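The values are calculated or read from the model by the stated rules, or taken from the named source; none is laboratory data. Predicted model only: the values in this text are computed from it and were never measured. Backbone-built Cβ (ideal geometry, glycine too); neighbour counts: all protein chains shown. Quick note on the areas: whole protein, heavy atoms, side chains included, nothing else; ligands and nucleic acids left out. Shrake-Rupley method; radii C 1.70, N 1.55, O 1.52, S 1.80 Å.
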Amino acid sequence: MQLPPKVTHRAFDRLAEIGAATDGKALRVAVEGGGCSGFQYEIALDEPRADDLVLEGSGQKVVIDAVSLPFLGDAVIDFSEELIGARFIIENPNASSSCGCGTSFSM
């Protein structure tokens, strides 16, 4: 049995910093076909939909559609801030390999 994804405090804090909930938006994490490894992550601010899984924390929301959910079971959605840049990242135990930039993966 797969557990739903987890969202770190850093990710929720970053959403609060950019005012996502104030604008009625949530962080949408989706999986689509493509990318150099077979699947790729789509991460964007979007409005929640009726069939989304909604993960909430610190007054913020992360949403995942029903099609993407099986690919993200037990994953961790985090925010990383490094010298080379800041971005939301996904640590996905379902991925057997991923590309160097971390935006595409295979299963």
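For this structure, a couple of remarks:
- Residue that is farthest from the chain's Cα centre (by Cα) [pool: residues in the stretch 36-74 that are open to solvent by 70 Å² or more (accessible area, probe 1.4 Å) and free of Cβ contacts under 8 Å to residues at least 24 places away in the same chain]: A50
- Considering residues of the stretch 1-35 that are small (G, A, S), on the phi < 0 side of the Ramachandran plot and free of Cβ contacts under 8 Å to residues at least 40 places away in the same chain only, the residue most open to solvent (accessible area, probe 1.4 Å): G33
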